[in-house]
Amino acid sequence: MTKTEIEAILPHREPFLFLDEITELTAGRSVTAFKTLTGDEEFFRGHFPGYPIFPGVLMIEAIAQAGAVIVLTQPENKGKLGFLAGVDNARIRRKVFPGDTMTISVEIEKFRLGIGIGSGKVTVNGEVAATATLKFAIGDAEK
């Protein structure tokens with residue numbers, strides 16, 4: 001799945017879209033996605049000047065976005081939004097730098113009545129950079 005195809009599913013756009021490509025998607029179950037950090041991203045200017053590191057909280061966001069693709073590609077969820085409802089067991093295990101390509105993998109553990117739990121991880125060159133269990137809800141865009 002290309003970035004354009006991802007944008008047809010998720011509402012996120014640059015600079016807050018953290019998926020470049022999806023190479024594996026098992027409907028309703030799992031996903032493998034990639035994001036290459038160029039170093040030109042705005043957040044690197046301030047995190048940290050002279051020693052740019054991809055923020056750990058944005059690794060968790062990348063996991064959430066990849067997980068949302070799993071659920072939002074289901075026909076019954078077409079056109080809906082995924083909302084992050086909780087983060088458990090989050091661990092940042094490795095720094096991620098400009099030039100790194102993150103592999104983002106997520107598996108849905110439970111999904112019922114629009115509420116779910118998924119576990120994900122970010123790796124770089126086979127090394128685990130972040131892990132988390134996320135709770136989410138699927139709903140309509142309402143204010």
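The values are calculated or read from the model by the stated rules, or taken from the named source; none is laboratory data. This is a predicted model, so every value here is computed, not measured. Reconstructed Cβ throughout: ideal geometry from the backbone, glycine too, with neighbour counts over all protein chains shown. Calculation scope for accessible area: heavy atoms of the full protein, side chains included, ligands and nucleic acids excluded. Shrake-Rupley method; radii C 1.70, N 1.55, O 1.52, S 1.80 Å.
For the chain, rounded, prolate or oblate, judged on the Cα gyration tensor with a ≥ b ≥ c (square roots of eigenvalues), a/c < 1.5 rounded, else prolate if a/b > b/c?
prolate
A Förster radius of 22 Å, combined with the Cβ-Cβ distance separating residue 29 from residue 5, puts the computed FRET efficiency at roughly 0.75. Nonpolar atom fraction for region 63-143, defined as the carbon and sulfur part of the 1.4 Å probe accessible area, stands at 50 percent. Counting Lys +1, Arg +1, Asp -1, Glu -1, what net charge surrounds residue 119 among other residues with beta carbon under 13 Å of its beta carbon? Neighbour charge sum, excluding residue 119 itself: +2.
Between residue 84 and residue 141, how many nm apart are label points set 7 Å from Cα along the C-beta direction? With each label placed 7 Å out from Cα toward Cβ, I get 1.9 nm.
Cross-link reach is defined here as a Cα-Cα straight distance under 12 Å, omitting same-chain residues fewer than 8 places apart; for residue 78 the aspartates and glutamates meeting it are 140. Relative to the longest principal axis of the Cα atoms of the chain, helix 56-72 runs at roughly 30 degrees. Where does the charge balance sit around residue 128 when Lys and Arg score +1, Asp and Glu -1, over other residues with C-beta under 9 Å from its C-beta? Neighbourhood net charge equals +3. Could you tell me which of the pairs 35/80; 95/135; 95/121 are separated by over 20 angstrom between their Cα atoms in the structure shown? As for pairs spanning more than 20 Å Cα to Cα, those are 35/80; 95/135. Close amide H partners of residue 20, meaning residues 5 or more places away or on another chain with modelled amide H under 5 Å apart, are 34, 35, 36. When only Cα pairs below 8 angstrom with a gap of at least 6 residues are kept, the chain shows a relative contact order of 26 percent. Label separation (residue 95 vs residue 14): 2.6 nm, computed from points 7 Å beyond Cα along the C-beta direction.
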